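Everything on this sheet refers to the single structure shown next.
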Amino acid sequence: MKMLLTGARVIDPGQKIDAIMDVMLADGKICQTGVDLLKSVKSKDSAKTKVIDLSGMVLTPGLIDMHTHLREPGQEYKETVASGAKAAVAGGFTSIACMPNTDPINDNRSITEFIKRKALEADMANVYPIGAISKDSAGIKLAEFWDMKEAGAIAFSDDGKPVMDAALMRHAMEYAWSLSLPVISHCEDTNLSAGGQMNEGYYSTILGLRGIPVIAEEAMIARDILIAEFTKTSVHIAHVSTEGSVRLIRAAKKRGLKITAETAPHYFTLTDEALQTYNTSLKVNPPLRSAADIAAINEGLADGTLDAIVTDHAPHARTDKELEFEYAANGISGLETSLGLSLRLVREGVLTLPELIAKMSLNPARILNLPKGNLETGADADITVIDLQLPWTVDVHTFYSKGKNSPFQGWEMQGKAILTIVGGEIKYADPRLNL
Ligand code: DOR
Ligand code: ZN
């Protein structure tokens with residue numbers, strides 16, 4: 001079955017395309033892009049081609065979330081591979097990379113294979129497992145990188161925890177480099193962050209909650225930059241939340257080091273001021289920071305210091321969150337609000353729409369070495385269609401994710417993914433499209 005998507009504003013940052021065009025899909029691939037493709041269909045095999053009119057919509061390479069937490073194996077009550085993959089396509093993501101902090105940790109071939117199998121059964125978004133850096137993410141011994149790579153792991157990370165031992169991190173970067181896979185670093189010095197519940201500052205003082213200082217993140221980023229430089233390898237910095245972190249990464253890039261970095265929507269949308277409600281859906285690690293940090297993150301996004309926007313989708317159950325602040329789990333369920341929140345950056349003039357799409361598709365594909373993130377002829381037909389105007393209200397009860405833990409409940413949004421195509425197949429379509 002062929003599919004012809006007509007009349008949309010096609011944005012493909014990889015090919016520097018931003019124009020009204022038609023896109024033809026066949027056999028799971030993009031087979032043609034151009035103007036007036038409808039004519040050729042009419043004359044030839046019109047019965048065999050599904051034509052979808054997307055006038056007024058934006059069509060982009062499928063969005064890629066390179067930092068998702070699925071909770072299978074072990075915590076299926078929070079999220080399964082299937083529920084996370086469904087939430088992904090509903091949020092406009094055709095591919096997600098999932099962090100290894102499941103139970104047990106994905107530190108070996110059999111769990112990597114298990115996740116891949118669950119993803120195939122779910123048949124929704126592409127799911128790329130990230131293997132652990134250390135066995136059980138305990139930070140003591142390296143995990144089996146080679147085995148996990150063979151089983152389908154596309155990067156290594158102990159995300160959720162830092163690798164506190166610098167020698168271990170050095171070996172991780174060297175070994176991963178030899179396998180041509182990236183290391184993704186959760187940067188947090190746990191001696192500095194110990195016992196912290198929120199950003200250290202004015203609000204932690206008046207709320208009486210133990211603070212996590214910005215230097216807990218920044219000291220570790222500085223260390224990882226030094227290790228990458230010393231070993232002539234690379235490192236990807238996860239969930240950047242502070243002004244100082246942006247400054248360190250910018251300087252490292254300027255010196256030509258192979259550093260890449262990401263942030264997540266909550267870090268450019270909310271500050272620690274919001275925690276005055278003690279709402280545990282705001283509890284996340286790293287914590288929400290200050291308005292000055294948001295300004296720096298926006299600058300880092302605009303000047304390319306921050307390459308990617310990720311969800312850091314961290315689904316939790318009510319029993320993990322409806323607790324005293326101190327006992328509540330860290331994390332925000334982000335797959336279904338990420339695009340809506342990120343589109344605000346375009347309206348605020350922080351990023352152009354093609355720049356935003358690059359940070360949510362092309363750049364993650366490049367960092368993870370995935371043959372995705374563009375609309376070239378012959379590429380996988382992974383496509384996201386966005387209605388930029390569509391107003392909607394966040395309602396966690398309608399999330400496909402099992403994780404209803406969102407501080408954005410009730411927020412008014414503008415712009416939403418209305419059609420998500422993976423490998424040429426429609427995996428999510430907004431009912432308003434009447435498909
Ligand atoms: O808020 C967070 N949630 N930060 C992390 O580093 C881990 C994540 C999780 O797994 O819930
Ligand atoms: Zn994470």
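The values are calculated or read from the model by the stated rules, or taken from the named source; none is laboratory data. From a predicted model like this one, the values you see are computed outputs, not experimental measurements. All Cβ positions, even for glycine, are placed from backbone atoms using ideal geometry, and neighbour counts span all protein chains on display.
Need a quick list: helices (runs of 4 or more DSSP H) entirely within the stretch 326-404 having at least 3 residues that are closer than 19 Å to Tyr128 by Cα.
Per the criteria, 363-367.
Tell me, which strands (runs of 3 or more DSSP E) wholly within the stretch 58-107 include 1 or more residues that are on the phi > 0 side of the Ramachandran plot?
Answer list for the stretch 58-107: none.
Mind checking which pairs have a first residue in the stretch 178-194 that is farther than 15 Å from Pro129 by Cβ and in a loop (DSSP other than H, G, I, E, B) and a second that is away from ligand 1 (no atom under 14 Å from the Cβ) and of a type outside the set (D, E, K, R), Cβ under 6 Å, 6 or more apart or different chains?
Cys187/Ile221; Asp189/Ala219
Out of the stretch 261-280, which residues are away from ligand 2 (no atom under 16 Å from the Cβ) and under 21 Å from the mean Cα position of the chain (by Cα)?
Of everything in the stretch 261-280, those that are away from ligand 2 (no atom under 16 Å from the Cβ) and under 21 Å from the mean Cα position of the chain (by Cα) turn out to be Phe268, Thr269, Leu270, Thr271.
Within the stretch 31-68, how many residues turn out to be within 16 Å of ligand 2 (Cβ to nearest atom) and in contact with a strand residue (DSSP E or B) (Cβ under 6 Å, 6 or more places away or on another chain)?
Counting residues in the stretch 31-68 that are within 16 Å of ligand 2 (Cβ to nearest atom) and in contact with a strand residue (DSSP E or B) (Cβ under 6 Å, 6 or more places away or on another chain) gives 4.
From the list Ala97, Ala143, Ala85, which residue is under 17 Å from the mean Cα position of the chain (by Cα), more than 16 Å from ligand 2 (Cβ to nearest atom), among the aliphatic types (A, V, I, L, M) and crowded, with 24+ Cβ neighbours inside 10 Å?
Matching residue, one of Ala97, Ala143, Ala85: Ala85.
How about the stretch 338-376: which of its residues are within 16 Å of ligand 2 (Cβ to nearest atom) and either among the polar types (S, T, N, Q) or in contact with a helix residue (DSSP H, G or I) (Cβ under 6 Å, 6 or more places away or on another chain) (or both)?
Ser338
Enumerate the pairs (first residue in the stretch 148-166 and hydroxyl-bearing (Ser, Thr, Tyr); second residue anywhere and within 16 Å of ligand 1 (Cβ to nearest atom) and modelled with pLDDT of 95 or more) with beta-carbon separation below 6 Å, excluding pairs fewer than 6 apart on the same chain, so at least 6 apart or on different chains.
Ser157/Ile130; Ser157/Ile184
Within the stretch 120-130, is there a residue that is surrounded by fewer than 17 Cβ atoms within 10 Å (Cβ to Cβ) and among the small types (Gly, Ala, Ser)?
The answer is no; no qualifying residue exists.
Here are some residues: Glu376, Glu326. Which one is closer than 22 Å to Ile154 by Cβ and surrounded by fewer than 18 Cβ atoms within 10 Å (Cβ to Cβ)?
On inspection, the qualifying residue turns out to be Glu376.
When you check Leu63 against the structure, is it under 13 Å from His313 (Cβ atoms), at pLDDT 95 or above, within 16 Å of ligand 1 (Cβ to nearest atom) and in contact with a helix residue (DSSP H, G or I) (Cβ under 7 Å, 6 or more places away or on another chain), yes or no?
no
Give me the helices (runs of 4 or more DSSP H) completely within the stretch 235-311, filtered to those with at least 2 residues that are touching a Gly at 6+ places or on another chain (Cβ under 9 Å), crowded, with 17+ Cβ neighbours inside 10 Å and aliphatic (A, V, I, L, M), ordered by residue number.
Because the criterion is at least 2 residues that are touching a Gly at 6+ places or on another chain (Cβ under 9 Å), crowded, with 17+ Cβ neighbours inside 10 Å and aliphatic (A, V, I, L, M), the helices (runs of 4 or more DSSP H) in the stretch 235-311 that meet it are 243-254.
Within the stretch 93-131, count every residue that is of a type in the set (Gly, Ala, Ser) and within 16 Å of ligand 1 (Cβ to nearest atom).
Qualifying residue count for the region: 2.
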